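Chemist: Below is the structure I would like to discuss, written out as structure tokens.
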Amino acid sequence: MRRDQLEHAIRAACQIIHQSEVIVVGSQAILGTYDESQLPAAETMSIEVDILPMADTNDETARLADLIKGVAGEFSPFEELHGFSIDGVDLETAVLPDGWRDRLVKVQNANTAAVSGEPRFTGWCLDKEDLCVAKLTAFREKDRNFVAALLEANLVTRP
């Protein structure tokens, strides 16, 4: 996945759920901090963007996440057309460290805007260290490999 595809996913997810902002919580959140040219190839292999809608309750978040999945999820016409999918997720998808919302990385530019240029939608990506914490908490092999590649490339530090 490339940064421009992440931006497209942010724009599409916001349009699907009629919201101006979403949070990127999966692996592709790293593209909020680094351009794909700065990352090891393994870090951009996923063709799925995990999007957490912003809502007042987790029930509403889950409802919005289902809308995203239904329109742009795996095996959807959206994925067939664009080569990546958007997975709507809720607050129970990832375990995140205290204060993670204060460290979100803003992604907003012309590519996150509607065709008319307005509105400009915003994607808030997990900070690189918070993303690593979430990955290590999940502790799947692919998550451990993701964090190891970032450490090896000196893009994050152990502390």
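The values are calculated or read from the model by the stated rules, or taken from the named source; none is laboratory data. Because the structure is a prediction, the values reported are computed rather than measured. No Cβ is skipped: glycine too gets one built from the backbone with ideal geometry, and neighbour counts run over all protein chains shown. For accessibility, only protein heavy atoms count, side chains too; no ligands or nucleic acids. Shrake-Rupley method; radii C 1.70, N 1.55, O 1.52, S 1.80 Å.
Chemist: In the stretch 86-127, how many residues are among the hydroxyl-bearing types (Ser, Thr, Tyr) and touching a Phe, Trp or Tyr at 6+ places or on another chain (Cβ under 7 Å)? Steps first, please.
Modeler: Taking the stretch 86-127 first, the residues among the hydroxyl-bearing types (Ser, Thr, Tyr) are 93, 112, 116, 122.
Then drop every residue that is not touching a Phe, Trp or Tyr at 6+ places or on another chain (Cβ under 7 Å), which leaves 112.
Residues that pass the stated criteria total 1.
Chemist: Give the residues of the stretch 64-97 that are modelled with pLDDT under 95 and not hydroxyl-bearing (Ser, Thr, Tyr), sorted by residue number.
Modeler: Hits for the stretch 64-97 are 90, 91, 92, 94, 95, 96, 97.
Chemist: Picking from 48, 43, 74, which residue would you name as being open to solvent by 60 Å² or more (accessible area, probe 1.4 Å) and over 24 Å from residue 113 (Cβ atoms)? It would help to see each step written out before you state the result.
Modeler: Working: 48 fails: over 24 Å from residue 113 (Cβ atoms); 43 fails: open to solvent by 60 Å² or more (accessible area, probe 1.4 Å).
Every option except 74 fails the conditions.
Chemist: Within the stretch 102-119, track down each residue that is surrounded by 13 or more Cβ atoms within 10 Å (Cβ to Cβ) and basic (Lys, Arg). Break it down stepwise before answering.
Modeler: Initially, the stretch 102-119 is screened for residues surrounded by 13 or more Cβ atoms within 10 Å (Cβ to Cβ), giving 103-105, 107-109, 111-113, 119.
The one that is surrounded by 13 or more Cβ atoms within 10 Å (Cβ to Cβ) and basic (Lys, Arg): 103.
Chemist: Under the condition of being outside any helix (DSSP H, G or I) and touching a strand residue (DSSP E or B) at 6+ places or on another chain (Cβ under 9 Å), which residue from the stretch 1-19 is least open to solvent (accessible area, probe 1.4 Å)? Explain how you work it out, then say what you get.
Modeler: Residues of the stretch 1-19 that are outside any helix (DSSP H, G or I), as a first pass: 1-2, 18-19.
Keeping just the survivors that are touching a strand residue (DSSP E or B) at 6+ places or on another chain (Cβ under 9 Å) gives 1, 19.
Numbers: 1: 23, 19: 62 Å².
Across the stretch 1-19, the extreme among qualifying residues is 1.
Chemist: Suppose we keep only residues that are in a loop (DSSP other than H, G, I, E, B), in contact (Cβ under 8 Å) with a residue 24 or more places away in the chain and not charged (D, E, K, R) within the stretch 123-159. Which one would you say is most open to solvent (accessible area, probe 1.4 Å)?
Modeler: Keep residues of the stretch 123-159 that are in a loop (DSSP other than H, G, I, E, B), which gives 126-127, 139-140, 153-159.
Okay, now just the ones that are also in contact (Cβ under 8 Å) with a residue 24 or more places away in the chain, so 126-127, 153, 155-156.
Cutting the leftovers down to not charged (D, E, K, R) gives us 126, 153, 155-156.
Working: 126: 1, 153: 45, 155: 23, 156: 11 Å².
Only one residue tops the list, namely 153.
Chemist: Which of (1) more than 15 Å from residue 28 (Cβ to Cβ); (2) more than 13 Å from the chain's Cα centre (by Cα); (3) modelled with pLDDT of 95 or more; (4) among the β-branched types (Val, Ile, Thr) is the odd one out, the single condition residue 115 does not satisfy?
Modeler: Every condition holds for residue 115 apart from (3).
Chemist: Let me ask something additional. Are there any pairs, at least 6 apart or on different chains, whose C-beta atoms fall under 6 Å, with the first in the stretch 85-98 and open to solvent by less than 10 Å² (accessible area, probe 1.4 Å) and the second assigned to a loop (DSSP other than H, G, I, E, B) and among the acidic types (Asp, Glu), and if so, which?
Modeler: 85/74
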